[in-house]
Amino acid sequence: QQTDAGPVGAWPEVAPDGTTISVEGLDPYWQMAELDSVQGDEVPGFKGTCGLTSVANVAQMFGVELTEGQVVEFAAANGLCVTDSPKPGGNGGTLEPDQVALLEAAGIPAHAESGRGLDDLASYIDDNKGVIVELNAGVVWDDPSAYDGGKANHAVTLTGVARDESGNIAGFFICDSGSREGRDFVPADEMREGWENAGGSCVVTDNPRSQGYPPGQGGPQFA
C-alpha cells in the first residue's frame, strides 16, 4: 500500500541510537505532517488539550475529518473536558472515559484499558487499531518539572512500533502534541517507565483501520 508520503506497513529503519529496526504502523515521518502535533492553538483559553488532540488524530487515522478545535468545542459543550480551570493549561483536560465518549460520538467505537504492557501496545499496532496512550510527560520529555509523582498526566497518539533485528520491541512512534522537542520516537525502556509503570492505561478502538490511508474521504463528524 502506498500513499503520497510513502509506504504504509513495515520497512527497514534506523532508530535514533543507530539500531537497525523494522517499523510497523503509520510512516512516522508522514504522521508528523498529517496528524496534529501542536495542541492548544485552536480554541482560546484551552491549552490542556492533549487528550482532545489525540482524539482528533485517531479520528483522522480513521478517515473522519475532525480538527482539535472541533473536538474541543464539542467536548466543552457536552461536559467531556475541563472548562472551569483558572489557568488555560487546565482547560481541555480529559479522562479516558471522556476520550472514549468523544470517539464514539464520532462514530468510532472504543474502550479504555489499564494495566497493559509493551506487548499489548505492539499488538494494537499489529491489529491496526487506533490508540491513545496515557503516560507520564516527565519521563518522556526528560523533564523533572512534568514528573508529577510519576503518574499518567499526558496523552499521545500511538502510531507505530519498532522492533530490532531479533524481533524485540525497540520502541514506539507517537504523535505528541505537547512535546517540547517535537519528539516522535520513545525507546522501549522509557515507554515502560513512563507508561507501563504509570498504570498502563490507554484508549483503544474496537475496530481496525481499513487497509491504507485514508479509509474514507471525510466521513461523519460528531453525531
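Every read-out reported here was derived from the displayed coordinates using simple, explicitly stated rules and does not represent laboratory data. What you see is a predicted model, and the numbers here were worked out from it, not measured in a lab. Methodologically, a virtual Cβ is constructed for each residue, glycine included, from the backbone with ideal geometry; neighbour enumeration extends over all protein chains shown.
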Query raised in the report: Each label point is 7 Å from the Cα along the Cα-to-Cβ direction; what then is the distance between the points at ASP126 and ASN197, in nm?
Result: 2.6 nm
Query - 20 °C / 1.002 mPa s Stokes-Einstein diffusion coefficient of the stretch 66-216, Kirkwood radius on C-alpha pairs, µm²/s - result: 133 µm²/s
**Report entry** Order by protection proxy (mean Cβ within 10 Å, highest first), peptides 141-147, 157-163
**Finding:** 157-163, 141-147
Query - 10 Å binning of all Cα-Cα separations within the stretch 166-207, expressed as whole percents from 0 upward - result: 24, 50, 25, 1
